[in-house]
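This report refers to the structure that appears directly beneath it.
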């Protein structure tokens, strides 16, 4: 979920799709500048990842209201770190984590993502990033930071949500595993390539 020019549909609700807390409603804010990951896209992402989510360290960048990170926890992730800079969104993430009882397996980092990358312990099994649509420079800088700070485990998977109207470029150090489109959203799954692993 990321900040963007987005008008939520009337009565928009976030929910957990599957796992321990399947069907639980989560809090959100009716904000024009927040673009939540749709249930369709969220379900598709986790269907692709499948059972590998269980037991992982999971990093949720540009976390918004925390829906992706909490979905990972419901599906058995061992630890989730959510990074979000907006104070109102941070409060919602913390309330959602408390409501479903995941405080002991999660951490919320209130910071600009690019600044936070260098302060987070490395070797995540899965990293999800959903930067604001249309900000290619931010997308590129985030990918570079993940590589520079060795945040992804050598066998880890990076998931990127993007505007399906404009597919972002593939960055040196990564290779594409899979790409899919779901309406207005697209999803890229990537991992380090040989060059990326050598740089680690």
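Tilt of helix 39-49 relative to the longest C-alpha principal axis of the chain, in degrees (0 to 90, nearest 10)?
40 degrees
Taking mean projected area of the Cα convex hull in nm² straight from the coordinates, which label in (i) 11.5; (ii) 9.8; (iii) 13.0 is the correct one?
Only one option fits the structure, namely (ii).
Restricting to bridges with both residues inside the chain, how much of the DSSP beta-bridge set is antiparallel, in percent to the nearest 5?
So the antiparallel bridges amount to about 50 percent of the total.
Grab the DSSP H runs of the chain that are 4 residues or longer, score each as -39,500 (n - 2.57), total them, divide by all residues and round the 222 nm result to the nearest 500 deg cm²/dmol.
Per the formula, -8000 deg cm²/dmol.
For each of 164, 106, count neighbouring Cβ atoms within 10 Å of the residue's Cβ, then give the residues from fewest to most.
Placing the least packed residue first, the sequence is 164, 106.
By how many degrees, between 0 and 90 and to the nearest 10, does the Cα long axis of helix 87-100 differ from the longest principal axis of the chain?
Helix 87-100 sits at roughly 70 degrees to that axis.
With a 10 Å Cβ neighbour count serving as the proxy for reagent exposure, in which order, fewest first, do 83, 160 appear?
Lowest to highest Cβ neighbour count: 160, 83.
May I ask for the angle, rounded to the nearest 10°, between helix 136-148 and the longest principal axis of the chain, with both axes built from Cα atoms and the value confined to 0 to 90°?
Compared with the principal axis, the helix lies near 60 degrees.
What ranking of 75, 57, 119 emerges when the number of other C-beta atoms within 10 Å of each C-beta is taken as an exposure proxy, fewest first? Intermediate results must be reported in sequence, preceding the final value.
On the way: 75 23, 57 20, 119 10.
Going from sparsest to densest Cβ surroundings: 119, 57, 75.
So if R0 is 22 Å, what FRET efficiency would residue 175 and residue 119 give, r being the distance between their Cβ atoms, rounded to the nearest 0.05?
0.20
Rule-based calculations on the coordinates, nothing more; no lab input. In this text, all values refer to a predicted model and were calculated from it rather than measured experimentally. Cβ: placed from backbone, ideal geometry, glycine included. Neighbour counts: every protein chain shown.
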